[in-house]
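Accompanying notes for the structure given below.
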Amino acid sequence: EQSGLSNRVYSYSPRKIVNIFLSLLTKEYDLAIDLTPASSYLSSFFLFLSRAKEKAGYAVGIRRFFLTKAICPPKAQIYERDMVLEICHQLDIFVKDNSLFFPVSKKNRQEIE
């Protein structure tokens, strides 16, 4: 979704992995943010490949070695949503509405009803 501040958002999907990989290798980015709270080799690899001038995320696992904006993970256990919001806060990205949205496909919605 475009907001005026970002023009590209990638979310991991096994079906899209090749497209993401090629896009990361061929385009230039100002900022790449890894919102994965735990250490993930795949998300860290994508962040590394991004060639972004700035790379931000929680300083955990292998990711901590190539972040330009390393964010210390919370000491206490908190919800993943709050961890993502904390990353945004640390980067001066303000969230207008932090309500949860669960997308449900039309087919699944019919099954639920």
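All of the numbers you see were taken from the coordinates with simple rules; none came from a lab. Since the structure is predicted, the reported quantities are computational estimates derived from the model, not experimental observations. Neighbour counts run over all protein chains shown; Cβ positions are idealised from the backbone, glycine included.
Tabulated results
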| item | result |
| --- | --- |
| Förster-model FRET efficiency, 41 Å R0, residue 106 and residue 65, C-beta, rounded to 0.05 | 0.40 |
| ³J(HN,Hα), Karplus 6.51/-1.76/1.60, whole Hz, each residue of the range 52-69, x for Gly, Pro | 6, 5, 10, 10, 10, x, 5, 7, 10, x, 5, 4, 4, 7, 10, 7, 8, 10 |
| Sites residue 99 and residue 38 - FRET efficiency at Förster radius 30 Å, r taken between beta-carbons, to 0.05 | 0.80 |
| Size descriptor, Kirkwood hydrodynamic radius, that averages inverse alpha-carbon separations across the range 32-73, Å | 9.7 Å |
| Residues of the range 21-35 with amide N under 17 Å of the 7 Å Cα→Cβ point at residue 90 | 31-35 |
